[in-house]
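Comments concern the structure below.
The values are calculated or read from the model by the stated rules, or taken from the named source; none is laboratory data. Since the model is a prediction, treat every value here as computed from it, not as a measurement. Every residue, glycine as well, gets a Cβ built from its backbone with ideal geometry; the counts of neighbours run over all protein chains shown. Note: areas computed on protein heavy atoms with side chains; ligands, DNA, RNA excluded. Shrake-Rupley method; radii C 1.70, N 1.55, O 1.52, S 1.80 Å.
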Amino acid sequence: MRTGLPFTIAKEESFYEKLGDWIGDVFYEILPEKGFELRDEQIYMAFQMEKAFKDKKVVFAEAGVGTGKTIVYLLYALCYARYTGKPAIIACADETLIEQLMKKEGDIKKLEVALGLQADVRLAKSRDQYLCLKKLDTQMQKNDTDDINSIYDNLPEFVHAQGSMLKYEKYGDRKEYSNLSEETWKTVAWDSLQDCFSCDVRHRCGQTLHRDYYRKAADIIVCSHDYYMEHVWTKESRIREGQLPLLPEASCVIFDEGHLLEFACQKALTYRIQTETLETLLTRLMENDVRDETLYTIENVLFLNDKLFENMIKEATPVVGSERFEIKKSAQILKFAQSLRLQIDKLSEQLVYEGEMFVLNEYDLRIVEEYLEQILYSLKLFIEDTEGIVWFEMTESDHTLVIMPRLVEEVLRKEVFSKNIPYIFSSATLSNNGDYSYIANSLGIDSYLSFKVDSPFDYESNMEVFIHRNNGTQYDEFLSLLKEAGGRSLLLFSSKDSISEFKRYVLQQKDIGLNMLFEGDKEISHLVSQFQENEETVLCAYHLWEGLDIPGPSLSNVMIAELPFPPKDPVFDAKRKVSVNPFNEVDVPYMLLRLKQGIGRLIRTSTDKGTIHIWMSPSENDEILDSILPLLPVKPAFYK
């Protein structure tokens, strides 16, 4: 249901002039009357953002903590969506930010109440957040458990009813099954091996119904960075198959915490080959009544797949500070890759014949055929593409070959930022001292506007910064300062390896008298809750440089164990190869942005107080120190 603009506009009047007048009324009169604080920084930001919408440009809106940037972009998104007749898309970095927008007491609801309007805002969740009816049926046959039976018994009546659906409701959201463990949920949730297009129950599927629902949003669709990039990456293939893209055409796109978009791009714009997945699919296929010739080819494919991954596991080199492994294209690896490619090609032809014989389940056959097609293309890239970026990932249960056909900026330049619509990047850390070239170059953005609004908080009165030189007694210094602070500290590391080393040191100490929490020991949100609820606690982490919002005394001390330079992994090495001065153009800008995010964890409200401690290694020279000093909120003291 489409509603009108929150202000009147005559035919001869300019939308942008009327919008500017209304924005002024909102910030100077309406919101203060409703109890909102009048912030000069917010008003400045609002009028700077108008040009991006008027000229349909990319804008980097860098606004510090406490400026109220969310309210600003929500007002523009709402009005521009109604003006153009297309929804605005707000892509958030993680579920925490989505919850902040969408919850009952969140920013959207606050605006609705204050302005006396109703916004049509709908959430587009990632596909793995929905129940898959096909997988549920499989689990019903395999596992007669209370959890699985409960899901099945509580499905809406129309799911299994015959005939057309005269009445239906949305269902199948992960939140409806909050009692399920992640392990159980994965057995019934959608995954990338499901072929929705050929599924005979897709029109009764909860995911399909949710998608139909959010696509009709009149004002705003909220999604994650990951989901937006999945939309970009799958858009053309879905259209070729006769499917709608995951997201509708948008009036504008807003990237909240926009400095993190590059990581979502790297995650989405890849091809992945998992040895366990191929084995699972083909083993299931062998249970059917297929010809001996096809069985023999399947066995060959599985043998070559095992040999390929055996060799990659042997040759994979761990990268310090990264979860990626470097993989060299040795002659042996390329030999097995080529042999596997030929056998999969042969198997694909044989499966066409098996399908014509009607001895295979059509849905299962389609899944296998599509996966084999993807592996064939991935192997072709791996063997032939000398410009592609390749790495290896290993966990206890999975081994994955990952191929990124090109740097993400090339894809984004063509598929995203060539569109003539406003793109808004909102974050407290988008630039290095006002220089936006690092993020612009990383995302393929050639032309942009920018502005910077500092935080209104009084850092001079509420923050102290200390810089340390690591002289070999760093861990002892950590514990001494943590005891002095009585816990209440976030200790940030740049990698899993670094935090693991410190954890081993702590475990060797007899009794440190501190409650220490380490990322990885439990689910991260549970650790954060423990940290927030118990002041005398230390949280050690390597993924919480951004997104952690804990106001009050529970977080009074941020200790940065090392400067967060990027790892020497294949992705960053590819960026370095196309740089004139890799260290100054890639490594230092990345480090400065991440360091700024880490520092930003400390002061979250105007009443917060605390200290920042930063450790530098002996090899990090005065030039690096000089690059750090301008981004510090206050003049540092040098710890001796």
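Given a cut-off of under 8 Å on Cα pairs at least six residues apart, what relative contact order in percent is computed for segment 463-638?
The value is 35 percent.
If you roll a 1.4 Å probe over the chain with all protein chains in place, what percent of the accessible area is carbon or sulfur?
Its accessible area is 48 percent carbon and sulfur atoms.
Roughly how many Å is it from the Cα centre of segment 458-492 to that of segment 1-54, as a whole number?
That distance is 44 Å.
Whole-Hz ³J(HN,Hα) for each residue in segment 112-126, computed from phi via Karplus 6.51 cos²θ - 1.76 cosθ + 1.60 with θ = phi - 60°, x for glycine and proline: what do you get?
Each residue's phi maps through the Karplus curve to give 4, 5, 5, 9, x, 10, 10, 9, 8, 10, 10, 9, 9, 8, 4 Hz.
Skipping prolines and chain starts, which residues have an amide H placed within reach, meaning under 5 Å, of the one on Ile389, given they are 5 or more residues away or on another chain?
Amide H to amide H, under 5 Å and 5 or more residues apart or across chains, Ile389 pairs with Met404, Arg406.
Can you list, largest first and rounded to whole Å, the semi-axes you get for segment 271-404 by taking the square root of 5 times each eigenvalue of its Cα gyration tensor?
Semi-axes (√(5λ), whole Å): 29, 14, 13.
At 1.4 Å probe size, with every protein chain present, just tell me what the per residue accessible area of the chain comes to in Å².
Each residue of the chain exposes 48 Å² on average to a 1.4 Å probe.
For segment 481-640, give the magnitude of the charge dipole about the Cα centre (Cβ charges: +1 Lys/Arg, -1 Asp/Glu; no others), in debye to the nearest 20.
Approximately 80 debye in magnitude.
So, taking all protein chains as they sit and a 1.4 Å probe, how much accessible area belongs to Glu326, in Å² rounded to tens?
Approximately 60 Å² of Glu326 is accessible to the 1.4 Å probe.
Would you mind checking which residues have amide H under 5 Å from Cys540's amide H? H placed 1.01 Å from N; only 5 or more apart, or other chain.
Placed amide hydrogens put Leu491, Leu517, Phe518, Glu519 under 5 Å from Cys540.
With unit charges on the beta carbon (Lys/Arg positive, Asp/Glu negative), name the residue among Phe638, His203, Leu592 whose Cα is farthest towards the positive pole of the charge dipole of the chain.
Final value for the positive-end residue is Leu592.
Which links in Lys328/Lys596; Lys414/Lys577; Lys57/Lys175; Lys267/Lys496; Lys216/Lys419; Lys51/Lys452 stretch past 25 Å when you go from one Cα to the other?
Lys328/Lys596; Lys57/Lys175
What dipole magnitude, in Debye to the nearest 20, does segment 129-216 give about its Cα centre under +1 on Lys/Arg Cβ and -1 on Asp/Glu Cβ?
500 debye
Scaled to the compact-protein estimate 2.2 N^0.38 Å, what is the alpha-carbon radius of gyration of segment 129-271, rounded to two decimal places?
1.15
Segment 114-143 to segment 338-386: how many Å between their Cα centroids?
Taking the Cα centre of each part, segment 114-143 and segment 338-386 sit 31 Å apart.
Quick check: Cα centre of segment 586-627 to Cα centre of segment 181-223, how many Å?
Between the Cα centres of segment 586-627 and segment 181-223 lies a distance of 41 Å.
Please say if segment 468-521 is rounded, prolate or oblate, where rounded means a/c under 1.5 for a ≥ b ≥ c the square roots of the C-alpha gyration tensor eigenvalues, and otherwise the choice is prolate for a/b larger than b/c and oblate otherwise?
Note, shape of segment 468-521 comes out rounded.
For each pair in Lys329/Lys568; Lys11/Lys104; Lys380/Lys575, compute the distance between the two Cα atoms and list the pairs where it is over 29 Å.
Lys11/Lys104
To make sure I understand the rule: partners must be lysines, Cα under 18 Å from the Cα of Lys142, and not fewer than 8 residues away in the same chain. Which ones qualify?
List returned: Lys134, Lys186.
Determine the shape class of segment 25-124: with a ≥ b ≥ c the square roots of the Cα gyration tensor eigenvalues, call it rounded for a/c under 1.5, and otherwise prolate if a/b is greater than b/c, oblate otherwise.
Verdict is rounded for segment 25-124.
Can you tell me the Rg and Dmax of the chain, counting just the alpha carbons, in angstroms?
That works out to 26.7, 79 Å for Rg and Dmax.
Pop out the ³J(HN,Hα) list for segment 270-283 in order, Karplus 6.51 cos²θ - 1.76 cosθ + 1.60 with θ = phi - 60°, rounded to Hz; leave Gly and Pro as x.
Result, rounded to whole Hz: 9, 10, 10, 10, 10, 4, 5, 5, 4, 4, 4, 5, 6, 4.
Using a 10 Å cut-off on Cβ atoms, rank the peptides 545-556, 146-157 from the highest mean neighbour count down.
The most tightly packed comes first, giving 545-556, 146-157.
Given Asn288, Phe255, Leu304, which one lies farthest toward the positive end of the charge dipole of segment 183-309, if we put +1 on the Cβ of every Lys and Arg and -1 on the Cβ of every Asp and Glu?
In segment 183-309, that residue is Phe255.
List every residue whose amide H lies under 5 Å from the amide H of Leu449, counting only residues 5 or more places away in sequence or on a different chain, with H placed 1.01 Å from N in the peptide plane.
For Leu449, the qualifying residues are Val58, Val59, Phe60.
When DSSP assigns beta bridges and you keep just the ones with both residues in the chain, what percent turn out antiparallel, to the nearest 5?
25 percent
Could you give the dipole magnitude of the chain about its Cα centre, charging the beta-carbon of Lys and Arg +1 and that of Asp and Glu -1, in debye to the nearest 20?
1120 debye
Please state the shape class of segment 497-586: rounded when a/c is under 1.5, otherwise prolate if a/b exceeds b/c and oblate if not, all from the C-alpha gyration tensor.
prolate
Once you've got the Cα coordinates, tell me which of Lys125/Lys522; Lys69/Lys635; Lys34/Lys56 are over 28 Å apart.
Violating the 28 Å Cα-Cα cut-off are Lys34/Lys56.
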